[in-house]
């Protein structure tokens with residue numbers, strides 16, 4: 001067995017909690033751990049010295065899981081059931097895709113434990129088909145976002161849920177980095193962006209390695225071309241990208257040869273580039289799960305990386321909140337905060353109404369022609385930085401104070417306007433130490449006049465003056 005790394009405290013607690021749930025009679029447990037918290041590592045510890053079938057939903061994730069599990073459990077302890085990957089039939093742990101298992105019923109290795117990696121992708125029917133071959137096995141689901149792409153929870157697959165860690169704990173211990181967010185003043189329409197993605201990159205994250213999420217392959221190509229022509233090396237990864245090209249493009253991005261990686265639905269999970277510190281969100285996110293998966297790409301720590309930056313051009317952060325907020329999870333009702341029903345589609349030939357999904361109408365077989373969506377409308381709206389109240393870093397508070405002072409002086413506002421606007425953001429009023437003698441005298445005169453008009457005691461103006469400037473008014 002390979003040398004074993006030490007478990008982090010929350011990882012040890014998570015393993016104990018899962019074991020307790022299994023011992024108390026829950027057969028199928030979903031373990032929630034945010035992106036970057038070591039889900040595969042925890043899963044590997046859970047299945048050590050047991051017969052296990054580890055299930056992934058994409059071939060590249062099968063390969064990644066096999067490599068990670070061999071690193072933890074030893075090379076000979078892990079086999080892979082997938083074309084092009086080395087088979088180790090005698091290994092206690094076997095990794096396979098759900099598609100392979102469903103298509104080849106004879107490929108069902110013995111197992112006492114089933115692990116469903118990225119558990120939010122599994123449907124109840126798929127799960128029951130596999131589970132029927134393992135009537136005595138216990139099940140562990142691993143996910144950062146316990147809801148499906150349509151927002152529905154996972155209560156039809158799992159009967160117990162364990163939250164292994166929250167974002168606040170991971171941030172406090174340095175396992176994730178804080179995330180700065182820029183967002184438009186209001187949510188944009190489905191085909192609208194607050195700014196051009198290239199302009200947003202130049203303004204907010206220039207020079208950083210950035211994931212750029214867009215809504216179609218055509219737009220991805222156009223954006224990558226625009227970035228390259230502007231002198232920002234960029235690549236594209238989509239469902240049409242060949243596996244070898246995908247690996248090469250990701251390697252160039254990880255090495256820093258590419259500064260922007262534009263993608264469509266392709267890099268929301270299973271991608272680990274800790275040096276990437278920026279994300280430009282130029283597509284909608286109807287549900288919190290997709291939003292958190294996207295933002296999770298940039299939260300891993302790396303040498304010299306103090307924070308990440310999410311540039312939200314659609315307003316998804318207005319709906320789903322800051323990406324590092326602690327969340328409430330559930331197997332019923334709302335998987336993550338809010339959940340919505342599946343979208344429906346009407347067949348243009350027979351009129352049948354059915355859940356929206358790729359492929360032909362299940363009633364008559366009609367395949368709706370693919371329509372190229374119109375390009376998004378691009379505005380030039382000002383993005384604002386999002387703050388975290390009193391927990392906002394001091395440098396961010398200082399920047400915002402200077403911005404408010406500049407506005408106050410430019411527009412001729414009173415000094416108390418700065419204090420009021422600052423307090424709205426951070427829950428506390430600033431001490432104004434950079435006021436001129438004229439500004440201090442003007443404010444003292446205003447306070448004295450106000451106290452007199454209200455019949456307040458003489459000391460009122462002095463106390464308010466001290467609160468604003470940190471010192472008592474000069475004696476006259």
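Any read-out appearing in this document is the output of simple, stated calculations on the displayed coordinates, not a laboratory observation. Source: prediction; values computed, not measured. Here Cβ is always computed from backbone atoms with ideal geometry, including for glycine, and neighbour counts include all displayed protein chains.
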Within a 10 angstrom radius of the beta carbon, how do 416, 329 rank from fewest other beta carbons to most?
416, 329
For region 274-322: rounded, prolate or oblate by the Cα gyration tensor [a/c cutoff 1.5]
prolate
When the chain is fully extended, how far beyond the present Cα-Cα distance does residue 86 get from residue 429, taking 0.36 nm per residue of separation?
117.2 nm
According to the square roots a ≥ b ≥ c of the eigenvalues of the Cα gyration tensor, what is the shape class of region 220-303, taking rounded for a/c under 1.5, prolate for a/b larger than b/c otherwise, and oblate for the remainder?
rounded
Cα-based Rg and Dmax for region 187-326, where Dmax is the largest Cα-Cα distance (Å)
13.8, 40
Using alpha-carbon positions, what is the distance between the centroids of region 244-264 and region 415-446, in Å?
48 Å
When you count, for each residue, the other Cβ atoms within 10 Å and take the mean per peptide, how do 273-286, 181-194 rank with the highest first?
273-286, 181-194
Relative contact order (percent) for region 389-469, with alpha-carbon contacts under 8 angstrom and 6 or more residues of separation?
26 percent
What percent do you get for the relative contact order of region 9-169 when only Cα pairs under 8 Å and 6+ apart count?
35 percent
Quick check: the angle from helix 437-454's long axis to the longest principal axis of the chain, C-alpha only, nearest 10 degrees?
80 degrees
What one gets for the chain as the Kirkwood radius, inverse of mean 1/r over different Cα pairs in Å, is 25.5 Å
So what is the relative contact order for the chain, in percent, with contacts set as C-alpha pairs under 8 Å and at least six apart?
15 percent
From the Cα centre of region 273-337 to that of region 99-124, the distance in Å is 28 Å
Quick note, region 9-147: a/c under 1.5 would make it rounded; otherwise a/b > b/c is prolate and the rest oblate (a ≥ b ≥ c, C-alpha gyration tensor); here it is rounded
In degrees rounded to 10, the 0-90 angle between helix 243-255 Cα long axis and the longest Cα principal axis of the chain is 30 degrees
Note on the chain, DSSP bridge orientation, antiparallel percent to nearest 5 equals 10 percent
Relative to the first principal axis of the alpha-carbon coordinates of the chain, what is the inclination of helix 217-229, with its axis defined by its Cα atoms, in degrees from 0 to 90 and to the nearest 10?
50 degrees
